[in-house]
Amino acid sequence: MSNLLIVTGGAPTTVINNSLVGALRQLKKSNFNGKIFAARFGTTGVLKEDFIDLTNITESQLSLLSNTPATAIGTSRFPLESEDYDKMATILNKHDIKYVLFNGGNGTMDTCGKLYKIVKDSGVCCVGIPKTIDNDIAESDHTPGFASCARYIACSVKETMQDVKSLPIHVCVIETMGRNVGWLTASSAIAGNNGGEMPDMILCPEIAFDQDAFLTKAEDLFRKKGGVTVVASEGLKDKNGKQVVKPIFTVGRATYFGDVSSFLANLVIEKLGIKARSEKPGIFQRCSMQYASAVDIKEAQLVGEEAVKAVLNNLGGIMIGIERVSTKPYVIKTTLFPIEKVMLTEKSLPENFLTKEKDNVTKEYIEWLAPLVGEMPEFISFLD
């Protein structure tokens, strides 16, 4: 029997290893008797023919893997040229690899689709396994990796708000990941569940940042309550679609900017003369296993399992997506999406999930998110 290759691309998530677990367990169930390879550090490993042999992985290793954040096989953001795809096709043929699973976000789905177009006539089958903390993959209701990161943000914001409330002397600005979409930033609103309060402002990249409006509201809130909590996306943009902070450097598709949280906190200090703090959890958001969502773990494994079923049935050129059947009770099913529908296509936060003022989220968004992140912690305060 021919061999199978698993490739990871882009930034890791808390539960990405669980998609690998799901795929490996399904291969065992399917009595797959070829070699099971993983590319060490993504497409870089493919081009170097640097493969990890996972054929004989044990159940004890799989159990440990399911509790390990990030990716145990490595990933990369290596920019590919057209000749790289031809080279990969040659390498797949050399190692008798007929089944390829790409686990990643929009860019990785683009790689999956482009490679499949080249190799499909030679009998090689490519299937995409979605992952991203940004939740910006098109078509799918949500994406494995998002729920755990959202839970981390929501719980951390809820805890921070308790601190700000107990010493109400400043504006606290918390920065979340999310270059172009505000799904993750908006998740902070669920801090209000289970007896809590929502952040005072939630600033998403879909809404143009108005500096004057921000400062006016920040000052008004500070005068009324003393402690103010703002959650802002790293990708905050102005009315012209430009980042509110200057870029530091660019590599491939990724441009790195200065800290939005520091920029906003400094604005408050300089323009209003009010004490302000900036907080940036950074990588903590996407690698905290302590805040992993049980739903996220389960669904990450599920899409891995379904990807193996699809690829072994020669259903190439597709991505495994998640379709929501019901929110109460929470029910989903997997769907096979044509890969061309998700290649480098971003899904923004829809209008109905944002309030009229555009600086917070609606009840509809919170209801949509709640089953993904699970129960929120409950706190008590005697200050009200």
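The values are calculated or read from the model by the stated rules, or taken from the named source; none is laboratory data. These numbers come from a predicted model, not from an experiment. Methodologically, a virtual Cβ is constructed for each residue, glycine included, from the backbone with ideal geometry; neighbour enumeration extends over all protein chains shown. These area figures cover heavy atoms from the full protein model, side chains too; ligands, DNA and RNA do not enter into them. Shrake-Rupley method; radii C 1.70, N 1.55, O 1.52, S 1.80 Å.
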Ordering V251, V164 by the accessible surface of their heavy atoms, 1.4 Å probe, largest first, yields V251, V164
If amide H atoms are modeled at 1.01 Å from N in the peptide plane, then the residues at a separation of 5 or more from H142, or on another chain, having amide H under 5 Å from its own are I322
Here, trypsin sites (Lys or Arg not before Pro) of the range 301-358 satisfying both criteria (DSSP loop; at most 11 other Cβ within 10 Å) are K356
Using eta = 1.567 mPa s and T = 4 °C, Stokes-Einstein with Kirkwood Rh from Cα pairs puts D for the range 226-280, in µm² s⁻¹, at 104 µm²/s
Of the accessible area of the chain, computed with a 1.4 Å probe and all protein chains kept, carbon and sulfur make up a percent value of 51 percent
Distance in nm between R223 and F284 label points, each 7 Å along Cα→Cβ, equals 3.3 nm
Descending packing, highest mean Cβ count within 10 Å first, for 139-152, 227-240 is 139-152, 227-240
Charge dipole of the range 233-279 built from unit charges on the beta carbon (Lys, Arg +1; Asp, Glu -1), centred at mean Cα; most positive-end Cα among N266, A276, G241 is G241
Note, I97: beta-carbon cut-off 14 Å, +1 each Lys/Arg, -1 each Asp/Glu, net +1
Length gained if K239 through E364 is fully extended, taking 0.36 nm per residue and subtracting the Cα-Cα distance, is 42.4 nm
Taking a crude spin-label model, label points 7 Å out from Cα along the C-beta direction, the I169 to D384 distance in nm is 2.6 nm
Per the rule of 0.36 nm per residue minus the C-alpha distance, extending I248 to L315 adds in nm 19.9 nm
The range 227-347: relative contact order from alpha carbon pairs under 8 Å, six or more residues apart, as a whole percent, is 11 percent
Percent of all Cα-Cα pairs per 20 Å bin for the chain, counting from 0 up to the last occupied bin, reads 29, 52, 18, 1
The number of Lys pairs in the range 294-384 whose alpha carbons lie under 30 Å apart, excluding pairs fewer than 8 residues apart on one chain, is 23
Quick calc: nm separation of the 7 Å Cα→Cβ label points for S30 and K328 -> 3.9 nm
Note: the range 215-361 at 37 °C, 0.692 mPa s; Kirkwood Rh on alpha carbon pairs; Stokes-Einstein D in µm²/s works out to 167 µm²/s
Quick tally, 1.4 Å probe accessible area for F379, F37, sorted with the most first, runs F379, F37
Rg from C-alpha atoms of the range 158-288, normalised by the globular rule of thumb 2.2 N^0.38 Å, equals 1.03
Per the rule of 0.36 nm per residue minus the C-alpha distance, extending N352 to S122 adds in nm 78.2 nm
Computed over the chain, protein heavy atoms only, probe 1.4 angstrom, the accessible area per residue in square angstrom equals 44 Å²
per DSSP, antiparallel bridges as share of beta bridges in the chain, % nearest 5, sits at 40 percent
